[in-house]
Each structure stands twice: as structure tokens, then as C-alpha cells.
Amino acid sequence: MLEEDKIENIIGRFGKYQRWIFILLTISRLPTDYQLVNVVFLLPNVQYTCLDEEAYNQTNYCPCKNPQYDLSAIGNSVTSTFGLICEKRHLASLAQSILQAGILIGGIFYGYLSDRYGRKIAVFLALICEVLFVSLSAATTQFWMFLAMRFLIGTAVGGTMLCAYIMLVELSGKSFRPYLAGMIDISLIISYFTLPILAYFLRDWRKLQLVLSLPWLYTVVIYFVLPESPRWLITTGQKDKAVEVLSYIAKRNNRPTENIRVTVENLIYEEETSNRQQKHGTYLDLFRTPKVRAYTFITAFIWLSISHTFFGINQYIGRLEGNIYINVIFSSIGLIPGMTLVVIASLYLNRRLAVVISCGVAAISLIVFIFIPSNMNNLILVFAVIGQTGAFTAFAQIYLYSSEIFPTIIRNSAMGFASMFARFGGFIAPFVVNISIEWVSIVIFSLLVSFAGISCYFLPETKGTVLLNTIDETENSIKKLTDDVN
């Protein structure tokens, strides 16, 4: 459906008002993105000297009742605070996995909340819960309390990542979506780059968590300045509110407002005709019709595979020798060209081809990784970063691609469902990394990301299309590549 975007004609592709909302959401998302990358400083593998009589001051001796932790590198961490060593070592991995579990639940919950009650309330609730739970985690006195807070943080992370992105997509015109695919990760790169700097000077995980939750003031502002998505309002038949929001945005962007009501009425009438005014979508709607059902399962597999590979590569980069603070900064810098490549690919390549190329880069770099001699550390680092960049760009592109495939009525539900599988991929990645035969782990990552790229063939091409609003439009209008060829 290469037709004009009538919403873009009213409010512009990405005017000064949308830029203001983008900046506000980027700042508000920082606590979320910090929690995605701070595990290396919260739950590190801490060295210690065992002071038990039978241990004779041996390093990392187990079992050990009286450890003396080496705090020179990172300082006070969750590992040293709660004694996550020896028989409790697995609890550190559990704390990270529980975050992924929380993201999984949060994606589902906030996805439904957003489709049912609106984008604005879902974004605000996710952001306010994020800073609240991060702050509370710094005050925990028992490990189970920290674990509970880690799960709740994960739910808010999942909601923020999903709903903030959908909000920005629906406030933008179709011609700006390629840029948005790269811009959405600016907050992640900022948090990834500044995290080791903050951790270096604070040297205490409680202080670090409190500092990472500071943007809560912006979160309060969100409720008063963030508009409801006009596309969601139109989809749910709220004509007067849609006209009000569109008129306000148009005025802020210095655009005409005289024909807005007529345009909204026409859009609602079109949806009443095609969809009999389905007010709200549910997760069951993802499986009721054949095309939407197929797209749901395919995108879920792609998200799982890309996430699995991305977090798997990060595990290997985290094991590289050298200064941990410098390594993390270097990894964050490696994401900057990836963000640029996402925008370029979204502008000049089809969505399907862009994801395939990114998956191919990740897969090939991992295969090459296997054959590099272990003493060539610099070359190993180069291909690790290339693989990370490939997986990162694939992740960013599949976000955009998926948001365009599904209609407005179930868009957040579909993204939440796919995000659930992405969390599962991230959850199992450490177990694959810890396979004793290294090349087996690498081959698994490479094969999965390769299959993800191949699976894109069965999805429709969406570049340049207007965001569809109803399930009927998706079933009747989007054609697979094979349909186009025929």
C-alpha cells in the first residue's frame, strides 16, 4: 500500500514537536537502558582470598566462610555484598536471568495495556515503575529482596522499550521511520558509554543504582506533555480526541489545521467499513486469522534467534582480557557505526533485505571467529565487534520491520509477544556460551542468526507503506513476496 500517509500530511514527518517528544523519551529511557547493560558492574566475578584456617589464604578457595574480597577493580558489588561465591555463584546468573524474565512479562503486560487503554498511560506507568524499582533495589538488605526488585525492574524495562518505541513510530510519518530505526537506540548508546564512567567514580553498586534512577523528574513531566497516539485514537474511534491531539501537534509544527476533522472522520469511516470498528485488540487476535498468525510465529522466531546471538556475542566480549571499564566503553563505541548503518539500510534497502544482510554479517563473522588463532587477540576483538554490530543492527531493524507488519489494533500486543521470545533467547544464551567446546557454541549462534535471516523471506515487504490499522487490512492488503511475483 504505497499510498500517502494522511496523518503525516497533518502533523508532518518529524517536526519540532516530535523532536521534543523524542528528546524527552530518550532522557526518560536512560534508567531503562542502564539496567540492560549494568550487570557487568553489579554482578561481576569477584576475586577473593579465603581466610578460613584450612584454606591457607588461597585465592578463590571453595567452600569459604570468611572471604576477603578484592575490591580494587570494581569496588562494592552485589556479588561481594551478598556473598555470591562458591555454592552461591549460580545466584549471580539467576539475578541476570530474572531480569530477562521480567522483561518478558513486562512486554506482554504493557503491550496489552497499551493496545487496550492507550499508548500514553502505558509509557508513563512503565517509566515511573522503572525509576521506582531501581531506587528500591539500592535499599535492599537481603538477596531475595534484590532478586524481587530485579524482576520488577525487568517488567518496567520491557514495557518502556516496547511502548516508547511504538509511540514514536505512530507519531512519525512513514517517510521518517527509517531514521527512527537508528535514532531509537541513542539512549542505549549513551547509557552504555557513560555507565563505566559512573561506575569507575562511584565504586559502589547502591550508589550506582541511585544515580542511574535520577531522571525520574523527567518521568513526571512525561504525563503532562506526552500526547496520546493519534493513530490509536483513530483506530479506537475516538474522533474528538484524535482531532484535538492532531490539531495541537499541527499548531506546534506550524501546519494548517482547517481540514483535520474531515480527515479524521474519513479515516474512522474507512476503518468502520473494513473492520466494523473493532475497538481493542487482544493477544488472541494474533492467532485468529491466517496471515497475522503466520507473521506472529515467524517474527517470534526471528526475535528469539537475533536476541540469542546478540547476548551470546556480548558474553564473549565480556571475557576479553584488559581493563573492564575500557572494554565496556570500547563495546559501546562499536555500536555507533551500527546505528548509522541501520539508518542507511532503512533508507536505501528493503526491510527484508536489510535484516538478511545484518544476520549474514553476524553469522559470517562468527564462523571466521572459529578459525582465528587464539594468540591473535586484536583480530579476535575485531571480528567480535563486527559480529556484535551485525546482531545489533539486525535487532534494531527487526523492531522497525515488525512494527510495520502488524496493524495498529494489535501492534503493541504483537511486539510484546515477539519480545517475549527475544527474552527467552537472551535467557538461554549464557547456557550455550558455557558449553565446554567453544566452537559448538559459536556454530549454534551462527546457525540461529542464519535461520533468522532466511525466515524473513516469508514476511511481507513493508518499506514505504502506510501503517495499517486493522486486521482486515493486513489480511487483504499485505502480500508476501511470492504473491507479488505471481
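The values are calculated or read from the model by the stated rules, or taken from the named source; none is laboratory data. As the structure is a computational prediction, the values presented were derived from the model and not from experiment. Glycine also receives a Cβ, built like all others from the backbone with ideal geometry; neighbour counts cover every protein chain displayed. SASA here: full protein model, heavy atoms, side chains in, ligands and nucleic acids out. Shrake-Rupley method; radii C 1.70, N 1.55, O 1.52, S 1.80 Å.
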Of the criteria (1) surrounded by fewer than 24 Cβ atoms within 10 Å (Cβ to Cβ); (2) in contact (Cβ under 8 Å) with a residue 40 or more places away in the chain, which one residue 155 fails = (1)
note = Matching residues in segment 333-350 (surrounded by fewer than 19 Cβ atoms within 10 Å (Cβ to Cβ), in a helix (DSSP H, G or I) and in contact (Cβ under 8 Å) with a residue 60 or more places away in the chain) number 5
key: Odd one out for residue 165 among (1) of a type in the set (Ser, Thr, Tyr); (2) within 17 Å of the chain's Cα centre (by Cα); (3) at pLDDT 90 or above   = (3)
Contacts under 8 angstrom Cβ, first residue in segment 443-466 being on the phi > 0 side of the Ramachandran plot, partner open to solvent by less than 30 Å² (accessible area, probe 1.4 Å) and of a type in the set (A, V, I, L, M), 6 or more apart = none
inquiry  = Only one of 62, 86, 50 is farther than 26 Å from residue 214 by Cβ and open to solvent by less than 10 Å² (accessible area, probe 1.4 Å). Can you tell me which?
reply    = 50
key: Restricting segment 365-379 to residues that are surrounded by 14 or more Cβ atoms within 10 Å (Cβ to Cβ) and free of Cβ contacts under 8 Å to residues at least 24 places away in the same chain, the residue that is farthest from the chain's Cα centre (by Cα)   = 372
key: Of all residues in segment 132-150 being open to solvent by 70 Å² or more (accessible area, probe 1.4 Å) and part of a helix (DSSP H, G or I), the one that is nearest to residue 31 (Cα to Cα)   = 132
key: Subset of segment 380-414 (residues that are without any contact (Cβ under 8 Å) to a residue 60 or more places away in the chain and buried (at least 24 other Cβ atoms within 10 Å of the Cβ))   = 390, 393
remark   = Selection from segment 28-45 of residues in contact with a Phe, Trp or Tyr (Cβ under 8 Å, 6 or more places away or on another chain) and either open to solvent by less than 20 Å² (accessible area, probe 1.4 Å) or modelled with pLDDT of 85 or more (or both) yields 28, 31, 33, 41, 42
query = Going by the conditions given, is residue 164 over 22 Å from residue 214 (Cα atoms) and either among the small types (Gly, Ala, Ser) or not in a helix (DSSP H, G or I) (or both)?
reply = no
query = Considering 385, 355, 361, which residue is within 17 Å of the chain's Cα centre (by Cα) and within 26 Å of residue 183 (Cα to Cα)?
reply = 355
ask   = In segment 89-113, which residues are over 26 Å from residue 323 (Cα atoms) and either open to solvent by 20 Å² or more (accessible area, probe 1.4 Å) or basic (Lys, Arg) (or both)?
value = 98, 101, 104, 105, 108, 109, 112, 113
note = Here the qualifying pairs (Cβ atoms under 6 Å; residues six or more apart or on different chains; first in segment 52-63 and acidic (Asp, Glu); second open to solvent by 90 Å² or more (accessible area, probe 1.4 Å) and in a loop (DSSP other than H, G, I, E, B)) come out as 52/65
message = If I go through segment 363-378 residue by residue, how many of them are of a type in the set (A, V, I, L, M) and within 13 Å of residue 440 (Cα to Cα)?
response = 3
task = Can you tell me which residue within segment 205-235, out of those that are buried (at least 19 other Cβ atoms within 10 Å of the Cβ) and more than 23 Å from the chain's Cα centre (by Cα), is modelled with the highest pLDDT?
result = 205
Residue that is open to solvent by less than 30 Å² (accessible area, probe 1.4 Å) and at pLDDT below 80, where the choices are 485, 449, 466 = 466
query = Is it fair to say residue 19 is modelled with pLDDT under 85, more than 30 Å from residue 209 (Cβ to Cβ), open to solvent by 60 Å² or more (accessible area, probe 1.4 Å) and of a type outside the set (Ser, Thr, Tyr)?
reply = no
ask   = Within the bounds of segment 8-16, is there any residue that is under 17 Å from the mean Cα position of the chain (by Cα), within 30 Å of residue 174 (Cβ to Cβ), of a type in the set (Phe, Trp, Tyr) and open to solvent by 10 Å² or more (accessible area, probe 1.4 Å)?
value = no
request  = Collect the residues in segment 92-133 that are free of Cβ contacts under 8 Å to residues at least 60 places away in the same chain and hydroxyl-bearing (Ser, Thr, Tyr), keeping them in residue-number order.
outcome  = 117
ask   = Do you know which residues across segment 351-364 are surrounded by 24 or more Cβ atoms within 10 Å (Cβ to Cβ) and of a type outside the set (A, V, I, L, M, F, W, C)?
value = 351, 358
message = Can you tell me which condition residue 181 does not meet? The list is (1) modelled with pLDDT under 85; (2) under 22 Å from residue 16 (Cβ atoms); (3) of a type outside the set (D, E, K, R); (4) open to solvent by 10 Å² or more (accessible area, probe 1.4 Å), and all the others hold.
response = (4)
